[in-house]
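Worksheet: the structure to be examined is printed underneath.
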Amino acid sequence: MIPDAARPALEGAIPATICTCSADGVPNASQVSQVWYVDPTHVAVSHQFFSKTMRNLREVPYATLHTNDPRTLDIWQIKVRHTETQREGPVFDQMALQLEAIASMTGTTGLWHLKAAEIFEVESIELIRVREAT
Amino acid sequence: MIPGALREFLSAPRWCALGLVDQRGRPHLARCGGWQLGPPGGPDLLVVTRTSFLSVLPGRDASDRVTLLMNESERFVAYQLKGRGKAREATAAEIEAAREMMGKLAVTSEQHWGLPASLYTSIILAPATTIEVTVEEAFAQSPGPGAGERLGGTA
């Protein structure tokens, strides 16, 4: 279950990181523009430049995501399993809209074209605090 | 071996994430605090991370295959370095160098993104682990059509 406290980190405010691996055990890390809340047990990841990541997910469907709380930079570490690719629908549309907004703000229109929303089932989610408690 | 074109990129503070694979073949991630170029004849990079960020250790409960994602978020420039890694306890000098790098990263992030520098400078780094990384391959990872292009290496 995704806790409510994780929701600010699942709105695509800060780029996230995904790590996958090939069947022969070679890791691959990539930045992602968005990790998006879908429902209490699923997240979506924006698919823009994912050639190696997608090859790996076809071989080994598991991944680890790191996404930051934009207020504290604390890391939500999410262990996930890839379940499907969506190229249309409400999740895809919402993510595409936000990417357009990011592109507009950063002057990178055309760079962030969304190819798909990759849907993952959440296996575990853990908060990693990066600073001393205040 | 690190391709020459990357040495200048690596001479400045960058965001850094470490990717690992455990013995079940599952991928893991760890945020890194900083790095230094390795000594002549030794590993290419000495990457420092807070020990508690590591859910597995390369060469122990993870394989020695590692990947490093380095990025400069201000210009959307990123590279990925793949190779072999070995974990050991970080020295005080390595932790201090990593803190210094995070301090510089904090300044640029505050200027560019408006994120308070204190968010970075108060990140706890100790106890820390150093991953000695021997780079075998490097890839361009910046967003765009060149993403994934191999830059060269010793493999």
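Read-outs throughout are calculated quantities, based only on the coordinates presented, and are distinct from any laboratory measurement. These figures come from a predicted structure and were not determined experimentally. Glycine also receives a Cβ, built like all others from the backbone with ideal geometry; neighbour counts cover every protein chain displayed.
Details
- 3J(HN,Hα) along the range B:27-39: x, 9, 10, 9, 6, 10, x, x, 7, 9, 5, x, x Hz, from the Karplus curve 6.51 cos²θ - 1.76 cosθ + 1.60 with θ = phi - 60°, whole Hz, x for Gly and Pro.
- Each residue of the range B:146-151 is assigned a 3J(HN,Hα), and the resulting list reads x, 4, x, 5, 6, 9 Hz, derived from the Karplus form 6.51 cos²θ - 1.76 cosθ + 1.60 (θ = phi - 60°), x at Gly and Pro.
- Debye-sum result for the range A:4-128 in log10 I(q)/I(0), which assumes one identical scatterer on each alpha carbon, at q = 0.09, 0.18 Å⁻¹: -0.22, -0.93
- Helical content alone sets the calculated 222 nm signal of chain B at -6000 deg cm²/dmol, taking -39,500 (n - 2.57) per DSSP H segment of four or more residues and averaging over every residue.
- Amide H contacts of B:Asp44 (H built 1.01 Å from N, in plane; Pro and chain starts excluded): B:Val133, B:Thr134, B:Val135 sit under 5 Å, all sequence-distant by 5 or more or on other chains.
- Lone cysteines, the protein assembly as shown (no partner Cβ under 4.7 Å): A:Cys19, A:Cys21
- Paired Rg and Dmax values of the range A:61-134, which use every Cα atom, in angstrom: 15.1, 43
- In order along the range A:63-75, the phi-based Karplus estimate (6.51 cos²θ - 1.76 cosθ + 1.60, θ = phi - 60°) of 3J(HN,Hα) comes to 8, 10, 10, 10, 9, 8, 5, x, 8, 10, 6, 4, 9 Hz; Gly and Pro are listed as x.
- The loop-placed trypsin sites (Lys or Arg not before Pro) in the range B:49-155, going by DSSP, that have at most 10 neighbouring Cβ atoms within 10 Å of their Cβ come out as B:Arg75.
- Distance between modelled label sites at B:Leu151 and B:Gln36, nm, 7 Å Cα→Cβ extension: 2.2 nm
- Listed by chain and number, the lysines whose alpha-carbon sits under 22 Å from that of A:Lys115, ignoring those within fewer than 8 places in the same chain, are A:Lys52.
- Given charges at Cβ of Lys, Arg, Asp, Glu: chain A dipole, positive-most of A:Cys21, A:Asn68, A:Ser46: A:Cys21
- Here the average projected area of the convex hull drawn through the C-alpha atoms of the protein assembly as shown stands at 14.1 nm².
- Solvent-free Debye scattering, log10 I(q)/I(0), computed from the Cα coordinates of the range B:4-142 at q = 0.09, 0.17, 0.21 Å⁻¹: -0.25, -0.91, -1.36
- Computed from the C-beta positions of A:Ala5 and A:Gln94 and an R0 of 22 Å, the FRET efficiency is 0.55 to the nearest 0.05.
- Helix-only CD estimate at 222 nm, as mean residue ellipticity for chain A, using -39500 (n - 2.57) per DSSP H run (n ≥ 4): -6000 deg cm²/dmol
- Euclidean distance between Cα centres, the range B:1-35 to the range B:83-155, Å: 6 Å
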